[in-house]
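Q: Please see the structure below; I have some questions.
The values are calculated or read from the model by the stated rules, or taken from the named source; none is laboratory data. None of these values were measured; they are calculated from a predicted model. When we count neighbours, we look across all protein chains shown, and the Cβ atoms used for this are built from the backbone with ideal geometry, even at glycine. Surface areas here come from the heavy atoms of the whole protein model, side chains and all, with no ligands, DNA or RNA. Shrake-Rupley method; radii C 1.70, N 1.55, O 1.52, S 1.80 Å.
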Amino acid sequence: MSLSTAQRRLLQEYRNLTNDPPDGITAGPVSEDDMFHWEALIEGPEGTPFEGGIFPAELKFPKDYPLAPPKMTFLGEIFHPNVYTNGVVCISILHPPGDDPNHYEEASERWSPIQSVEKILISVMSMLAEPNDESPANVEAAKMWRERRPEYEQKVRDGVRRMLGL
Amino acid sequence: MNDSTPTNAIDAFENVTDSTDWLSTPLSGLSAVEAALRCQICKDFYRTPMLTSCNHTFCSICIRRALSSDGKCPLCRASDQEMKLRSNWSMEEVVAAFTQARPAVLEFAQKPPTVVTSREQSPKRKLDQYEDINGEHSSSQPSSKRLRSSTRASKSRSIEATAEIARQEADVQQAESPGFEPDDNLVECPICLRRMKVIQVDKHLDTSCPGKPEPESSPSRQPSKASATIPIVFPSSSSSSSSSSFRRQQQPPSKPLERLPALNYSSLKEVQLRKKLTELGISTTGGRQMLERRHREWVTIWNANCDSLRPRRKADLLHDLDVWERTHGTRAPTTSRSATLGAQIKDKDFDGAAWAARHGSSFKDLIASARRNRAQAQEKRNNEQANQKSAVGDKAEENKEDNGGIPEETEIADSDDGEVIDLTDLTDENENRNDVDIAMASSPHKSTVGTIPDTMDLSPGTTVIS
């Protein structure tokens, strides 16, 4: 068996997610030829403006995974303070403990090899419910979330509806 | 990885076991047991588990990799050093015992109906009886004394039972596995493994020892066999003495493996580093950065092997390094190759002239195609402007100033060579849109001046800039 450490670990995680998927989350490699490229579907958490939406995202893993974290990008439109307009997700669990120029993130929240795809996706789901406006990736969304909450929620709901083709 | 992965990954997925395998069975509680026997880094069963200073356990190779990249415990982020790692042999025993029992237990758990019918009578009745006893006691709560004494009784009974089982197992070991020291007061020669009396060993070593393991001696007595499989029967808890003799047996008889020290790469010249790698018998290809990374990986693999109760041969370790080489090293595909390419170019010894000569033709092609694209883009823009002017005519007169700024701005974007291709793409796309807009503008309905700025916003220059 000449799989690399990263490939074995990703297989292991894939197995785990297939056997016991967390609520509202599905994830797996796009094709079995390339374990380093996954796609995930995340349900919008209930009781939030994202409710009812299903958000596709892609995960790209580095060769030295799990020493380094993967990159996560939403594939569809998503209006959220912690998601760049190009879809790239910006949360502490995806940041290696080394670089933290703003010192706003607790080391304990950062990436560590013991984290997993499952934990990332669960964190992202809770991020949808509770944005962190200390480190906005989308400043406009963060401002709107802070100052004009109803407008923000309406915009998110409109986005969900557009995505569902309603 | 490209060549080997596809089939392997699919096959491997079928063979991957996980603690969640138990969840769909009646023994779902074993999921937590199994999860506790798995390393949090690789998520696989512990292989050569090691304790950190903060008392967390990881596979030797996992924690060594993590520490050499970060210097912190992945679980609690306390600082730690590889030197301070200690073996967690009890954990290794538990894992070996569990993984050995796992397939049978899982099968048992996954097919409960057949099992129940075949063994319906005896165990089930026993279970019922047991429950009855328990029920009786719990119903008669006040007599807690009696409960305690009876549990003690049942405990001692179960101890007797385990002891009996252990005795039987120990017998089996002695009979079936020659890997355990027979109780004959003889010892093995550390080199040829022949058995003899203790006092004979010195003389034997000086005179008659052939210098290598005797071919006729039972192969299972040689430590190398251990690398292949998990030992047949693991000693049960009561026979700890035999388990320690088993451990001793697994140590290589003659040369104990020595751990490699970490190198301070910054104080080494590249030539010295290359020499080190040659001495270790590993590849010296690639730039300086690659040499360091390869050396670091080799030290990790090697030292993790030293921790192992059943060290593997160097050839196996070299194979591991080879796998690493294909995914992270010089033979890695795509991204990492471009990284090494970058390192190559930054290298002090980089021969710029030779590189230019070797890649001269492709450079020329790139320049030519960039020039062509640029010329085409320019031409298109000129045509468009001419069209716009003629189509929009006097109506656009007041917007001409905005329009006039566009070519200059695009020129700026254009001068950045990397942008050339993107720019043409954009121009193509926008050209179509412009056609529509221009058609609208010149339609018999005579659009108002107000619509014209809209068409202007879509012109290529402004789009690119924004």
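Q: Using θ = phi - 60° and the Karplus curve 6.51 cos²θ - 1.76 cosθ + 1.60, what whole-Hz ³J(HN,Hα) does each residue of the stretch B:305-312 get, with Gly and Pro shown as x?
A: For the stretch B:305-312, the Karplus-derived couplings read 5, 5, 5, 5, 5, 10, x, 9 Hz, x marking Gly and Pro.
Q: Using the Karplus curve 6.51 cos²θ - 1.76 cosθ + 1.60 with θ = phi - 60°, work out ³J(HN,Hα) for each residue of the stretch B:364-369 in order, rounded to whole Hz, and write x for Gly and Pro.
A: Coupling constants for the stretch B:364-369: 4, 4, 4, 5, 4, 5 Hz.
Q: Helix A:117-129 versus the longest principal axis of chain A: what is the Cα-based angle in degrees, 0 to 90, to the nearest 10?
A: The answer is roughly 0 degrees.
Q: When a/c is below 1.5 the answer is rounded, else prolate if a/b is larger than b/c, else oblate, so apply that to the stretch A:1-142 with a ≥ b ≥ c taken from the square roots of the Cα gyration tensor eigenvalues.
A: Details: a/c = 1.93, a/b = 1.29, b/c = 1.49.
Here the stretch A:1-142 falls in the oblate category.
Q: Additional query: My understanding is that a pair violates if its Cα-Cα distance is over 27 Å; which of A:LYS63/B:LYS314; A:LYS60/B:LYS111; A:LYS63/B:LYS72 do that in this structure?
A: Numbers: A:LYS63/B:LYS314 24 Å; A:LYS60/B:LYS111 39 Å; A:LYS63/B:LYS72 20 Å.
The answer is A:LYS60/B:LYS111.
Q: How large is the helix-only mean residue ellipticity at 222 nm for chain A, computed as the sum of -39500 (n - 2.57) over DSSP H runs with n ≥ 4, divided by its residue count, in deg cm²/dmol to the nearest 500? Each step should come with its number before you reach the end.
A: Working: 4 runs with 52 residues, N = 166.
So the calculated ellipticity at 222 nm is -10000 deg cm²/dmol.
Q: Using amide H atoms built 1.01 Å from N in the peptide plane, name the residues 5+ places from B:LEU51, or on other chains, whose amide H lies under 5 Å from its own.
A: Long-range HN contacts for B:LEU51: B:ARG86, B:SER87, B:ASN88.
Q: Just need the relative contact order of the stretch A:18-166 here, percent rounded to a whole number, with Cα pairs under 8 Å and 6+ apart. Please report the intermediate quantities before stating the final value.
A: On the way: 243 pairs, mean separation 33.4, N = 149.
It comes to 22 percent, rounded to a whole number.
Q: Another question, if that's okay. Sort the stretch A:119-158 into rounded, prolate or oblate with this rule: let a ≥ b ≥ c be the square roots of the eigenvalues of the Cα gyration tensor; rounded if a/c is under 1.5, and if a/c is not under 1.5, prolate when a/b is larger than b/c, oblate otherwise.
A: Numbers: a/c = 2.58, a/b = 1.51, b/c = 1.71.
Oblate, because a/c is 1.5 or more while a/b does not exceed b/c.
Q: B:ALA78 to B:THR278: FRET efficiency via 1/(1 + (r/R0)^6), r the Cβ-Cβ distance, R0 35 Å, to the nearest 0.05?
A: Details: r = 37 Å, r/R0 = 1.07.
E(calc), rounded to 0.05, equals 0.40.
Q: Once all Cα-Cα distances of the stretch B:13-101 are split into 10 Å bins that start at 0, what whole-number percent is in each one?
A: 18, 45, 27, 10, 0
Q: Once ligands and nucleic acids are excluded and a 1.4 Å probe is used, how much of B:GLU107 is accessible, expressed in Å² to the nearest 10?
A: 100
Q: Within a 10 angstrom radius of each residue's Cβ in B:16-23, how many Cβ atoms of other chains show up on average? Whole number is fine.
A: Values: counts 9, 2, 10, 4, 7, 4, 2, 2.
Rounded to a whole number, the mean comes out at 5.
Q: Sequence-distant or interchain residues sharing an amide H contact under 5 Å with A:GLU39, placed H: which?
A: A:GLY28, A:VAL30, A:LEU59
Q: Non-local amide H neighbours of B:THR17 (under 5 Å, H modeled in plane, Pro and chain starts lacking H): which ones?
A: none
Q: Cα axis of helix A:149-163 to longest principal axis of chain A: angle in degrees, 0 to 90, nearest 10?
A: 60
Q: So if R0 is 60 Å, what FRET efficiency would B:ALA262 and B:ALA101 give, r being the distance between their Cβ atoms, rounded to the nearest 0.05?
A: Numbers: r = 39 Å, r/R0 = 0.64.
After rounding, the FRET efficiency stands at 0.95.
Q: Hey, any idea what % of chain A's accessible area is carbon plus sulfur with a 1.4 Å probe? Provide the component values of the computation, followed by the final result.
A: On the way: 3740 of 7810 Å².
Roughly 48 percent, rounded to a whole number.
Q: What total accessible area, in Å², is buried where chains A and B meet, using a 1.4 Å probe and rounding to the nearest 100? All intermediate terms of the calculation are to be shown ahead of the outcome.
A: Numbers: alone 9340 and 29920 Å², together 36210 Å².
Interface area, both chains combined: 3100 Å², rounded to the nearest 100.
Q: Okay, next question. Return the loop-located chymotrypsin sites (Phe, Trp or Tyr not before Pro) in the stretch A:30-59 (DSSP other than H, G, I, E, B) with at most 12 other Cβ atoms within 10 Å of their own Cβ; answer none if there are none. The partial results should precede the final answer.
A: Details: sites: A:PHE36, A:TRP38, A:PHE50; in loops: A:PHE50.
Sites meeting the loop and neighbour criteria: none at all.
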